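Worksheet for the structure shown next.
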Number of protein chains: 2
Amino acid sequence: MSLAIEEDLKTYCLTTAQKAKQASRQLGSLLTAQKDAWLLASADALEAATDEILAQNARDLSAAPEYGLSPAALDRLRLTPDRIAAIAHSLREIAALRDPIGQTLDGSVRPNGLEIRKVSVPLGTVFFIYESRPNVTVDAAAICVKSGNAVILRGGKEARYSSAAMVAVLARTAEECGIPPNAVQLVETIDRDAVGYFLSLSDLIDVAIPRGGKGLIERVVAEARMPVIKHYDGNCHVYLHESADEAMAVDIVVNSKCQRMGVCNACESLLVDRKVAKQLLPKVCQALTEQGIELRGDPETCQLVPAAKAASEDDWWAEYLGPTISIKVVDGIEQAIEHINHYGSHHTDAIVASTLAAAQAFTAAIDSSAVIVNASTRFNDGGAFGLGAEIGISTDKFHARGPCGLSELTTYKYLVHGNGQIRN
Amino acid sequence: MSLAIEEDLKTYCLTTAQKAKQASRQLGSLLTAQKDAWLLASADALEAATDEILAQNARDLSAAPEYGLSPAALDRLRLTPDRIAAIAHSLREIAALRDPIGQTLDGSVRPNGLEIRKVSVPLGTVFFIYESRPNVTVDAAAICVKSGNAVILRGGKEARYSSAAMVAVLARTAEECGIPPNAVQLVETIDRDAVGYFLSLSDLIDVAIPRGGKGLIERVVAEARMPVIKHYDGNCHVYLHESADEAMAVDIVVNSKCQRMGVCNACESLLVDRKVAKQLLPKVCQALTEQGIELRGDPETCQLVPAAKAASEDDWWAEYLGPTISIKVVDGIEQAIEHINHYGSHHTDAIVASTLAAAQAFTAAIDSSAVIVNASTRFNDGGAFGLGAEIGISTDKFHARGPCGLSELTTYKYLVHGNGQIRN
């Protein structure tokens, strides 16, 4: 890159971030009614612009071969009238959610008469870096604006024309509804260096949210000078306690592993109590094999289940995100807990058990964003938890843990009212 | 440093962090009664060990000249029986606070019958780097353990013997009360490289909290691979609205500026509405001058107040932490808000006003951790807000903003109870 172009790119990023910061100052004091009016108007406008959006999506689809997209990725990129209607529906759902801004989180009157209130306010500006699914563009814009934040969207180049068409629609309705025009900005350049420049602007951008492969997230963590909400994948476990109901155990393991394999809350590792392994493991493994899952077990598993291959140390750490599962026979709940806290990624871990003591011990000791008793690991997301829309699932402990919905994009300030109090 | 010594230091830091992590796993499930018993026993034991502690404090005091401590720093370092009693009293106060762990923060039953609970849990391990006041050692240990966290304390070398004596007392009572012995560890080496090693151990340490000068904090931010709760100083404002009560204005400005000057919530800059500047500013400035405060004003201020020197652009950004204040006449509340959000450090800003509209506009628009109406800026701390003990005042928006008490050292996890639910 020549120096002149590099300077242009830096200026572009700086200007974009300054505009976002300016918009964020207005966004924080918008009425809920204004934000919701924009969401509803945008839903209608997106549906009305279906032809225009599909035309731009066709440009992305025709460019897809040069990016070497897999058939699955190509399918995620493709928009249809039904998919545009689903995007509009999601905007209407976000409009129906409670405004997370201006909530009184805590409050008291102090002995000296000072009235203290802790109230929720927006974080400010969000830099969102994400994969190529065009629906994410609209979802992220809606979640950020509803929570009073300005957003800079850096989507995958594979969806650039589709995203630009949809953001243009959002911008038109913003003008009509009194939303600052720079509340939602799509990064126009596909230059990868732009990401680095944005990540250096800690005075203007309050949080970076990368969503995508591990490589992307690691790059963002290394370069960002502002806080990052990270979404690493999950090495999630299902543990079958000796008191587990057999049918429930089979259902939960199969659902956790197979219902959708490429996602962070899918099960990657199965632990079974020795006392029930002989009885239970063959049934569970048969059900998994019927779903085309490859089994990698410890020596005991391999003895009980001839179809299982020997697992290596790497398998206990692995996030397969595909049709493979690791399986280990454990001595009891203590060993299961130790294994999960050691090898797991603190994302989502489940126990199947019928005794209260086992459920209590497991939920107390497992250090994960969601600890699940007698249900599928696949439930760890904002929709299933009733948070409404989510911008991702945080694998951090700091600020936000687990599903990140509207509230997770807020911070707070203290409002203090007195009548002349001074400090002694 | 020779390679062998460097390896020793690395091993020491790694081992210390591993021990902390291990202790943290036990700490999270301690009963409130156990933690409080330790706090109360430690209070008694510290008082009983007064002679032993004073003897070690004398060693620090006699070494102080070689560190070139100022008289004020020397005074902060000095322990007396009364000061040890105050430290013990602070432990008893922390024992009386509500346990922040195990609180249900939110909960619902989903349409499919899943019971979702969001419960508070400890962050894990805290690496606390702080100045040389020995009372901070005990306070930080108490706050961390009460919130279920293990802590690695890296205090200033100036207080090393005093801190070690007090941590030894805490360790003895820990053993008696069933608290893991490594819940509180004091870094034994004064080697500055140790800080860097600890800051690299993001798998073992969940948060770093530096408290001290700007240089220390900047170093920690640059080197830390884990989240940091930052405590930068504050450039705090008092704005006198045209509707301000005169006597209240004088009291609040003088208290905000002069009650204690070297702290982050002291006033550094004064804004006055033009409509009342001629009447009000001379009175306020006379009161400040009587306290020995140097005035640096914009041209209008200098016209109205002959004692004021001309302020430069740097003065609007300055955190004097001493007997100087910058003063500017503004056109009204809009200009005041713009000035504060531009030059301020988003820490603590106050308005003196008697009209509701002014108070509302100010509290809505000012983007600071505490926005104060008709009271001194000096009230922005955990004690004044009723949070109980605090480990510092965060200047971040992320995770914790403003005073950091027990709750700010927690995170949460979701507990999900089902009866066999799987995902469609």
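The values are calculated or read from the model by the stated rules, or taken from the named source; none is laboratory data. Since the model is a prediction, treat every value here as computed from it, not as a measurement. Every residue, glycine among them, receives a Cβ derived from its backbone with ideal geometry; neighbour counts consider all protein chains shown. When the accessible area is computed, the model is the full protein with side chains, heavy atoms only, and any ligands, DNA or RNA have been set aside. Shrake-Rupley method; radii C 1.70, N 1.55, O 1.52, S 1.80 Å.
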#### Entry: Meets criteria (assigned to a helix (DSSP H, G or I) and facing chain B (nearest Cβ under 10 Å)) for residue A:217
no
### Task
Return the only residue of A:344, A:392 being within 30 Å of residue B:18 (Cα to Cα), within 22 Å of the chain's Cα centre (by Cα) and not acidic (Asp, Glu).
A:344
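Considering the range A:402-424 alone, what residues qualify as being part of a loop (DSSP other than H, G, I, E, B) and crowded, with 24+ Cβ neighbours inside 10 Å? First the steps, then the outcome.
Filtering the range A:402-424 down to residues part of a loop (DSSP other than H, G, I, E, B) leaves A:405-406, A:422-424.
Correct list: A:405, A:406.
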### Query
Taking interchain pairs and intrachain pairs at least six residues apart, which have beta carbon atoms under 7 angstrom, with the first residue in the range A:307-326 and within 18 Å of residue A:289 (Cα to Cα) and the second of a type in the set (Phe, Trp, Tyr)?
A:326/A:316
### Query
What do you reckon, is residue B:121 in contact with a strand residue (DSSP E or B) (Cβ under 9 Å, 6 or more places away or on another chain) and modelled with pLDDT of 95 or more?
yes
#### Entry: Listing of helices (runs of 4 or more DSSP H) fully contained in the range A:245-323 that carry 2 or more residues being away from every other protein chain (no Cβ under 14 Å) and within 28 Å of the chain's Cα centre (by Cα)
A:313-317
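Has the range B:271-281 got at least one residue that is open to solvent by 20 Å² or more (accessible area, probe 1.4 Å), over 30 Å from residue A:202 (Cβ atoms), among the hydrophobic types (A, V, I, L, M, F, W, C) and in contact with a Ser or Thr (Cβ under 9 Å, 6 or more places away or on another chain)?
Quick first cut of the range B:271-281, residues open to solvent by 20 Å² or more (accessible area, probe 1.4 Å) only: B:274-276, B:278-279.
Keeping just the survivors that are over 30 Å from residue A:202 (Cβ atoms) gives B:274-276, B:278-279.
Among the residues that remain, those that are also among the hydrophobic types (A, V, I, L, M, F, W, C) are: B:276.
Within this subset, residues satisfying the condition of being in contact with a Ser or Thr (Cβ under 9 Å, 6 or more places away or on another chain) are B:276.
Checked against the condition, which is being open to solvent by 20 Å² or more (accessible area, probe 1.4 Å), over 30 Å from residue A:202 (Cβ atoms), among the hydrophobic types (A, V, I, L, M, F, W, C) and in contact with a Ser or Thr (Cβ under 9 Å, 6 or more places away or on another chain), the range B:271-281 yields at least one hit.
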## Note on the structure
Scanning the range B:1-46 residue by residue, those open to solvent by less than 50 Å² (accessible area, probe 1.4 Å), under 30 Å from residue B:82 (Cβ atoms) and under 25 Å from the mean Cα position of the chain (by Cα) turn out to be B:35, B:36, B:38, B:39, B:42, B:43, B:46
### Query
Which of the residues spanning the range A:156-182 are of a type outside the set (Asp, Glu), surrounded by fewer than 21 Cβ atoms within 10 Å (Cβ to Cβ) and closer than 17 Å to residue A:22 by Cα?
A:171, A:178, A:180, A:181
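Hey, could you check the range A:70-106 for residues that are in contact with a Lys or Arg (Cβ under 8 Å, 6 or more places away or on another chain) and exposed (fewer than 13 other Cβ atoms within 10 Å of the Cβ) and say which is farthest from residue B:405 (Cα to Cα)? Reasoning before the result, please.
Taking the range A:70-106 first, the residues in contact with a Lys or Arg (Cβ under 8 Å, 6 or more places away or on another chain) are A:76-77, A:94-95, A:97, A:99-100, A:104-106.
Going one step further and asking which of them are exposed (fewer than 13 other Cβ atoms within 10 Å of the Cβ), we end up with A:104-105.
Working: A:104: 18, A:105: 15 Å.
That would be A:104.
I'm checking my understanding of the structure. Among residues of the range B:57-69 that are open to solvent by 30 Å² or more (accessible area, probe 1.4 Å) and of a type in the set (Gly, Ala, Ser), which one is farthest from residue B:38 (Cα to Cα)? Step through it out loud before you land on a result.
Our first condition is that a residue be open to solvent by 30 Å² or more (accessible area, probe 1.4 Å); within the range B:57-69, this holds for B:58-59, B:61-62, B:65-69.
Pick out the ones that are also of a type in the set (Gly, Ala, Ser) and you get B:58, B:62, B:68.
Details: B:58: 27, B:62: 32, B:68: 37 Å.
Per the criteria, the residue is B:68.
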#### Entry: the range A:50-102, residues that are among the acidic types (Asp, Glu) and either under 15 Å from residue A:159 (Cα atoms) or out of contact with any Ser or Thr (no Cβ under 9 Å at 6 or more places or on another chain) (or both)
A:51, A:52, A:60, A:66, A:75, A:82, A:93
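Please enumerate the residues belonging to the range A:324-362 that are in a strand (DSSP E or B) and more than 10 Å from chain B (Cβ to nearest Cβ).
Of all residues in the range A:324-362, those in a strand (DSSP E or B) come to A:324-330, A:348-352.
Within the range A:324-362, A:324, A:325, A:326, A:327, A:328, A:329, A:330, A:349, A:351 qualify.
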### Task
Name every residue in the range B:363-374 that is surrounded by 24 or more Cβ atoms within 10 Å (Cβ to Cβ) and either more than 7 Å from chain A (Cβ to nearest Cβ) or touching a helix residue (DSSP H, G or I) at 6+ places or on another chain (Cβ under 6 Å) (or both), in order of residue number.
B:366, B:371
### Query
So, of the residues in the range B:1-44 that are farther than 29 Å from residue B:97 by Cα and hydrophobic (A, V, I, L, M, F, W, C), which turns out to be modelled with the lowest pLDDT?
B:1
### Query
Among the numbered criteria (1) at pLDDT 95 or above; (2) farther than 23 Å from residue A:257 by Cα; (3) under 22 Å from the mean Cα position of the chain (by Cα); (4) open to solvent by 10 Å² or more (accessible area, probe 1.4 Å), which single criterion is violated by residue A:357?
(3)
### Task
Read through the list (1) modelled with pLDDT of 95 or more; (2) among the polar types (S, T, N, Q); (3) open to solvent by 10 Å² or more (accessible area, probe 1.4 Å), then give the number of the only condition that residue A:189 fails.
(1)
### Query
Within the range A:137-155, how many residues turn out to be touching a residue at least 40 places away in the same chain (Cβ under 8 Å), open to solvent by 10 Å² or more (accessible area, probe 1.4 Å) and over 17 Å from residue A:382 (Cα atoms)?
1
### Query
In the range B:364-382, what residues are in contact (Cβ under 8 Å) with a residue 40 or more places away in the chain and charged (D, E, K, R)?
B:378, B:381
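Which is over 22 Å from residue A:101 (Cα atoms), modelled with pLDDT of 90 or more and surrounded by fewer than 23 Cβ atoms within 10 Å (Cβ to Cβ), of B:399, B:342? Full working, then the answer.
Values: B:399 fails: over 22 Å from residue A:101 (Cα atoms).
Among B:399, B:342, only B:342 is over 22 Å from residue A:101 (Cα atoms), modelled with pLDDT of 90 or more and surrounded by fewer than 23 Cβ atoms within 10 Å (Cβ to Cβ).
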### Message
For the range A:369-393, give me each residue that is farther than 9 Å from residue A:265 by Cβ and among the acidic types (Asp, Glu).
### Response
A:390
### Task
Report, by residue number, each residue of the range B:375-396 that is more than 8 Å from every other protein chain (Cβ to nearest Cβ) and either surrounded by fewer than 24 Cβ atoms within 10 Å (Cβ to Cβ) or not polar (S, T, N, Q) (or both).
B:381, B:382, B:383, B:387, B:388, B:389, B:390, B:391, B:392, B:393, B:394, B:395
### Task
Scan A:94, A:116 and give me the residue that is closer than 20 Å to residue A:391 by Cβ and touching a helix residue (DSSP H, G or I) at 6+ places or on another chain (Cβ under 9 Å).
A:94
### Message
Between a residue in the range B:111-136 that is closer than 21 Å to residue A:372 by Cα and any residue that is of a type in the set (Asp, Glu) and assigned to a strand (DSSP E or B), which pairs come within a Cβ distance under 6 Å, given they are 6 or more apart or on different chains?
### Response
B:118/B:106
## Note on the structure
When (1) under 26 Å from residue A:367 (Cβ atoms); (2) away from chain B (no Cβ under 14 Å); (3) crowded, with 17+ Cβ neighbours inside 10 Å are applied to residue A:234, the one that fails is (2)
### Task
Being open to solvent by 10 Å² or more (accessible area, probe 1.4 Å) and either free of Cβ contacts under 8 Å to residues at least 24 places away in the same chain or closer than 13 Å to residue B:267 by Cα (or both) is the filter here, so list the residues in the range B:345-354 that pass it.
B:345, B:346
### Query
Could you give every pair whose Cβ atoms fall below 6 Å, whose first residue belongs to the range B:54-67 and is in the same structural domain as residue B:163 (by TED's automatic domain parsing) and hydrophobic (A, V, I, L, M, F, W, C), and whose second residue is assigned to a helix (DSSP H, G or I) and modelled with pLDDT under 95, counting only separations of at least 6 or pairs across chains?
B:64/B:74
### Message
Can you tell me which residue is surrounded by the most Cβ atoms within 10 Å (Cβ to Cβ) among those in the range B:302-338 that are within 19 Å of residue B:244 (Cβ to Cβ) and β-branched (Val, Ile, Thr)?
### Response
B:325
